[in-house]
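The values are calculated or read from the model by the stated rules, or taken from the named source; none is laboratory data. All of these numbers come straight from a predicted model, not from anything done at the bench. Methodologically, a virtual Cβ is constructed for each residue, glycine included, from the backbone with ideal geometry; neighbour enumeration extends over all protein chains shown. Side chains included, ligands, DNA and RNA excluded: accessible areas come from the protein's heavy atoms. Shrake-Rupley method; radii C 1.70, N 1.55, O 1.52, S 1.80 Å.
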2 protein chains.
Amino acid sequence: MASRAKATILDIAREAGVSKSTVSLVLQGSGLIRPETAVKVRKAIEDVGYVYNRGAANLRKAHSNVIGMVINDLTNPFFAELAVGMERVFQAAGVVPFIANTAENPVRQEEVLKSMMEQGVAGLIVSPARGTTPGAFRRIEAAGVPVVFAMRRLPESRIPAIAPDNRRGACLATEHLIRKGHSRLAFFGGSSDLVVYQERLGGFLGACEAFAIPVADRMIVEGETSRKGGMACLETALAMPEPPTAALCFNDAVAFGVILALRKRGLEAGADFAVVGFDDVAEAEHYSPALTSVAVDTAGLGERAAHVMLKMIQSRTTRAEDHIGAVSLVVRESSGPDRNSQVGDAA
Amino acid sequence: MASRAKATILDIAREAGVSKSTVSLVLQGSGLIRPETAVKVRKAIEDVGYVYNRGAANLRKAHSNVIGMVINDLTNPFFAELAVGMERVFQAAGVVPFIANTAENPVRQEEVLKSMMEQGVAGLIVSPARGTTPGAFRRIEAAGVPVVFAMRRLPESRIPAIAPDNRRGACLATEHLIRKGHSRLAFFGGSSDLVVYQERLGGFLGACEAFAIPVADRMIVEGETSRKGGMACLETALAMPEPPTAALCFNDAVAFGVILALRKRGLEAGADFAVVGFDDVAEAEHYSPALTSVAVDTAGLGERAAHVMLKMIQSRTTRAEDHIGAVSLVVRESSGPDRNSQVGDAA
DNA sequence: TTGATTTATTGGAACGTTCCATTTATAGAG
DNA sequence: CTCTATAAATGGAACGTTCCAATAAATCAA
């Protein structure tokens, strides 16, 4: 049934009674061919069941139309949203994004990046896996392929990054808790090998400083960035002699875990302990209690990253500005009773 | 800094003082070359900053090492898990899976499939978008590229599908509700244009039949397969003159919505109304109340799909058996008080 | 030594496109 | 009717690999 050998441009040419060059022109939508010829050729293309061989084409052409998206954890809905935002932009530009998952594993990431390079991608959007070594992108940069970091960045890299204003988000959230009257605060989850962590923790500490919360009343509990991690954090915190009464969590997953752990102890987030998350994933709004969280406009960041990428490809550069996305605090139930809740609006 | 023109196999050959053929052999790890020569060549590869051009290679070689995964909704953690399962298998086989999202849009799906074909994928694993036309895969089959459906299938297609035993899962769940003493049952969410829906609904109705639940006491409410859809379903159901007391939901998202809607009305899932979900996503276990759900071993199905794909590629066929994955009911709190809950174990 | 055998290496012809430089056909001007 | 300008179509040389057939070098049997 299937013609064994796959049809090429020459088969089309034969079928349509024209030259391969003409077929190529038609394929590229050149205005140079006579409309009737084009029709004839297109018919032949249909008839022989032709599929364009982009590999062969790229051998001659400068750039391919695929860009790679390398993501550290596809299971996190947060990254899926990021991907969705990018796809919108790329689709409009006729670029196809191929996504690959590194499962937070630098070795796997290396393989995936290699594969994408071999495939001849025009650019790479990466949310680097934890523990990525500084040199991981050296070869790629050297090859002149543009790279953009999304959501995460590497400590000393010159690669442009698109990320939310983590510091300000954490600051906003912490202020909110302090204004609610809390004076013993915790920062739950995450680990210090991530730049994002440094930034969010920095915002937390900055706000504490600004409101003169004594160091002894700031509690920092590192932990997995998952529900499980959040549960563990809460346990650790409540075991202290003077436990905190409110927590800013590294991300929403951690916050959900904290809420769960509270309920297990017969406590209610919002009433007995204030919880604020980070990222404002879709679920936050529907959780019970609804989660107060820092919204980062994930899809928007994805779009931004895609735009930057397209610009870089177009201007064949490997450099671009960082981009810090605006954040906002979405106040819901988990951070306490709904008494005319005011969002901090510092400069 | 970057040598402008990218290095080729010939540059390596020149650098190492051998022929391009030798370099090619080294690249393929052939045992024919003298070890010392291989070392010399590898050094040269490193020195010139070579990146392998798979496109060029595929021009000569039979097939590529990339297989495409086309998924209808990457935002659903369920599919992300599926992807993760596949990746495990493919990685071991030296195959790189590229993922693309169709956002449940058949037009987008068409584009994505075309792109993947052009890229020369060795095979395609697809969870087809709702509304995919029967002919969508004709060209792909004709080209001899193996396709496997995962989780979803098309009504009359001959393409092998890997999916859970939806009918049995729904049956098990319904039995469980009936054994709990419910006699007015609902099936919430989903829409009849999906084969999965037909199967799950079929299981529900089959169990009703088996236990002689009168038709008047079976309520079917179609709806979006999301939290929102679930909330709407519950509202519709409770507005009836003789509302049901238990519901099997099309999937977990719908079930979460139902639980939320119950709480809004001051009712508690498990106590006032029994809720069972489908898929048993990670969140089900942690929800409050914990969700009774039909576990489908998503990652396992992903692995299975990947294995089938590899087999098909290896034996260069485009046909394979369907594969129905085992399911099991995980009884938790949302389906009612914990009185020695027994899982139906029909033949 | 000579020829046969094995081991390493190599040139050259594909593979399916694009694109440049031509050729051929068509039309317009004189 | 010839000449030139324009429009449409074409052949051939890349592009970076693989792989076959062939060569060159080393080893061995006689």
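See the values below:
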quantity	calculated
Every pair of residues 6+ apart whose Cβ atoms lie under 6 Å, when the first sits in the range A:174-192 and is open to solvent by 10 Å² or more (accessible area, probe 1.4 Å) while the second is assigned to a loop (DSSP other than H, G, I, E, B) and of a type in the set (Phe, Trp, Tyr)	A:Ile178/A:Phe211
Leading residue by the ranking (nearest to DNA strand C (Cβ to nearest atom)) among those in the range B:33-56 that are closer than 22 Å to A:Val66 by Cα and assigned to a helix (DSSP H, G or I)	B:Ala56
Matching entry among B:Gly94, B:Gly29, B:Gly55, B:Gly68 (being more than 10 Å from chain A (Cβ to nearest Cβ) and out of contact with any Lys or Arg (no Cβ under 7 Å at 6 or more places or on another chain))	B:Gly29
Test: residue in the range B:46-64 that is under 13 Å from A:Ala100 (Cα atoms), within 16 Å of DNA strand D (Cβ to nearest atom) and in contact with a helix residue (DSSP H, G or I) (Cβ under 9 Å, 6 or more places away or on another chain)	no
Test: B:Ser30 is within 22 Å of A:Glu111 (Cβ to Cβ), within 9 Å of DNA strand C (Cβ to nearest atom) and under 43 Å from the mean Cα position of the chain (by Cα)	yes
Exclusive hit being within 14 Å of chain B (Cβ to nearest Cβ) and either in contact with a strand residue (DSSP E or B) (Cβ under 9 Å, 6 or more places away or on another chain) or closer than 30 Å to A:Ile140 by Cβ (or both), set A:Val276, A:Val296, A:Val281, A:Val331	A:Val281
Checking B:Val308 against (1) aliphatic (A, V, I, L, M); (2) within 14 Å of chain A (Cβ to nearest Cβ); (3) closer than 30 Å to B:Ile140 by Cα, the condition it does not meet	(2)
Subset of the range A:111-139 [more than 12 Å from every other protein chain (Cβ to nearest Cβ) and not in a strand (DSSP E or B)]	A:Ala122, A:Ser127, A:Pro128, A:Ala129, A:Arg130, A:Gly131, A:Thr132, A:Thr133, A:Pro134, A:Gly135, A:Ala136, A:Phe137
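Matching residues to (1) more than 9 Å from DNA strand C (Cβ to nearest atom); (2) open to solvent by 50 Å² or more (accessible area, probe 1.4 Å); (3) in the same structural domain as A:Gln314 (by TED's automatic domain parsing):
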{"residue": "A:Val23", "(1), (2), (3)": "no, no, no"}
{"residue": "A:Asn58", "(1), (2), (3)": "no, no, no"}
{"residue": "A:Lys61", "(1), (2), (3)": "no, yes, no"}
{"residue": "A:Ala103", "(1), (2), (3)": "yes, yes, yes"}
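Quick grid of which residues meet (1) surrounded by fewer than 17 Cβ atoms within 10 Å (Cβ to Cβ); (2) within 23 Å of the chain's Cα centre (by Cα); (3) at pLDDT below 90:
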position: B:Pro35; (1), (2), (3): yes, no, no
position: B:Met86; (1), (2), (3): no, yes, no
position: B:Val89; (1), (2), (3): no, yes, no
position: B:Val121; (1), (2), (3): no, yes, no
position: B:Gly135; (1), (2), (3): yes, yes, no
